[in-house]
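Read the structure below first, then the notes.
Read-outs throughout are calculated quantities, based only on the coordinates presented, and are distinct from any laboratory measurement. Computed from a predicted model, the values in this text were never measured in an experiment. Every residue, glycine as well, gets a Cβ built from its backbone with ideal geometry; the counts of neighbours run over all protein chains shown.
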Amino acid sequence: MPITSLLDPDTAARNMAEIEPQYSPQEALVEAHRCLFCFDAPCIKACPTGIDIPGFIKKIASHNLTGSARTILSSNILGGSCARVCPTSVLCEGACVMLDRDEKPIKIGRLQRYATDHVFDNDLQVLHPPEQKSGKRVALIGGGPASLGCAAELALLGHDAVIFERKPEAGGLNTYGIAYYKLTPEMSLKEVELVKRLGVEIRTGVDVGTDITVAELEKEFDAIFLGVGLGHTYRLDIPGEDLPEVFEALAFIEDLHVNPLHEVAVGKRVAVIGCGNTAIDAVTQAKRLGAEHSVIIYRRGERDMPAYLYEYGLAKRDGAEFIFNAVPVEVLEKDGHVCGLKLARTKVDDNGKLQVIAGSEFELPFDMVIKALGQEKMTDMLKSIVPDVNLTRNGCIERDAATGQTNVPHIFAGGDGANGGSEVVNAVGEGKKAARGIHRLFTNEAIEGPIQWTRMGVVGDKPVGSGLDHPIRVDEHETAFI
């Protein structure tokens, strides 16, 4: 039978509520005061965008939320979404010195959300690009986190940035591909608007390579940033894969972001193939949408899964089930619809290679199958639009890790298309590095560390120093110190 939606609107909204709600002011103050405000803090080094974590937490402790948010957003323009989706246990919180004292790490992610939500809740503008522009223009292909991070940094450095995005909305996976209970599209689009307020132009519905060529962009712009992501999910290459109830994980997740939650169709017995973080998102969302059984099937063992342990625990708490050491060999069908999977057991041989155990096949009933096997590289598209840019052997864009510069001097790259797939915060960090690489191309000026900000009235009403020090406006939401 075809699958349908299973929940009424109120139940769907309740089931998809965010995992950790915003701190109350008292909760935030208590947690902020736990921080030791380390000098040369390891949490800063663990953050791919280099946020001054002790600095923003100290501002929370001193009731300066606007200054705290500025500290975060000046390093990571997507600090609000990263506060929700970052694997903090293996990044900043995993490096917290409190762990050396056998204490729980500071809840950096939740404090970061508390500060950045203050900006969005009060519609504040805390970052101000310089009034004097460089006259240089940069085209950014793709509207995901890497391009948003790059464009924001370019704007703060005085350069004009134009993002070209083929979908109706910018934001990339933040808008379309992250579990709804972690990050809503509304939150992602608030950050897109924050980038636009810096003077960045975003042209949606434009497919570079079809609607406009890179050669045309090169005539209009001084540099190009490739912020393309990844492509379709890898195929299973088994019989029955093309049945209507077999979905790609990101397509299933996107359905929740573009349609009302209670209208999203889900099976009563759902199989998710794969065990990465996207697979965890898919299996958990299926369960929260009303699936009676939502099961991950993974070819290797529990210790081999690429998903973070936090995500794994979350899925189990939501009632997801796991079958390890099994692979699908056929999607079973009845009357043209999915009715189950034929699976086979696997083992690792003495050489460490995965083998299917002969005669181990068994069948389980399912009415929906979700593929979460990783995504293909955009090799053909890249070869088509930028044929002179070198690609690595695995199909990623080859670029300098420190500057994002490719073998074509005016073309830079970052994000999933360059790193093969990583976290949102990594994409933003790579976008920032590329923006600074582009700035150096334009000015021969290298930038290290955060852009320095100075207070209006203390140093006068004009930017000072090298042109990277911009005045900060004080408003009624900010105390007399930052």
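What to note about this one:
- Computed over the chain, relative contact order equals 18 percent, with contacts defined as Cα pairs under 8 Å that lie 6+ residues apart.
- For the Cα trace of the range 188-321, dividing Rg by the Kirkwood Rh returns an Rg/Rh value of 1.07.
- Candidate aspartates and glutamates - alpha carbon under 13 Å from Lys58, same-chain residues fewer than 8 apart omitted: Glu31
- The number of Lys pairs in the range 117-222 with C-alpha atoms less than 21 Å apart, excluding pairs fewer than 8 positions apart on the same chain, is 7.
- Percent of beta bridges antiparallel (DSSP, the chain, rounded to nearest 5): 35 percent
- Burial ranking of peptide ranges 238-245, 308-315 (average Cβ count within 10 Å, highest at the top): 308-315, 238-245
- Comparing the range 98-220 with the 2.2 N^0.38 Å rule of thumb, its C-alpha radius of gyration ratio is 1.26 (two decimals).
- Thr210-Phe37 pseudo-label distance in nm [points 7 Å out on the Cα-to-Cβ vector]: 5.4 nm
- Nearest-ten-degree value, helix 249-258 long axis tilted from longest Cα axis of the chain: 60 degrees
- Principal axis box of the range 55-108, alpha-carbon based, largest edge first, Å: 32, 25, 14
- Global size of the range 246-371 as Cα Rg and Dmax, reported in angstrom: 14.7, 50
- Approximate spin-label separation Lys316-Met98, in nm, with each point projected 7 Å along Cα-to-Cβ: 2.4 nm
- Shape class for the range 320-390, computed from the alpha carbon gyration tensor (a ≥ b ≥ c): oblate, with a/c not under 1.5 and a/b at or below b/c.
- DSSP-defined antiparallel bridges as percent of all bridges, the range 246-371, nearest 5: 50 percent
- Basic side chains Lys and Arg get +1 at the Cβ, acidic Asp and Glu get -1 at the Cβ, and with that the dipole of the range 376-440 about its Cα centre reaches some 240 debye.
- Distance histogram for the range 163-205 (every C-alpha pair counted, 10 angstrom bins, percent rounded to whole numbers): 31, 54, 15, 0
- Size descriptor, Kirkwood hydrodynamic radius, that averages inverse alpha-carbon separations across the range 9-121, Å: 14.2 Å
- The label-point distance for Asp8 and Asp304, in a model that sets each label 7 Å from Cα toward Cβ, rounds to 4.6 nm.
- Seen from a random direction on average, the alpha-carbon convex hull of the chain projects onto 24.8 square nanometres.
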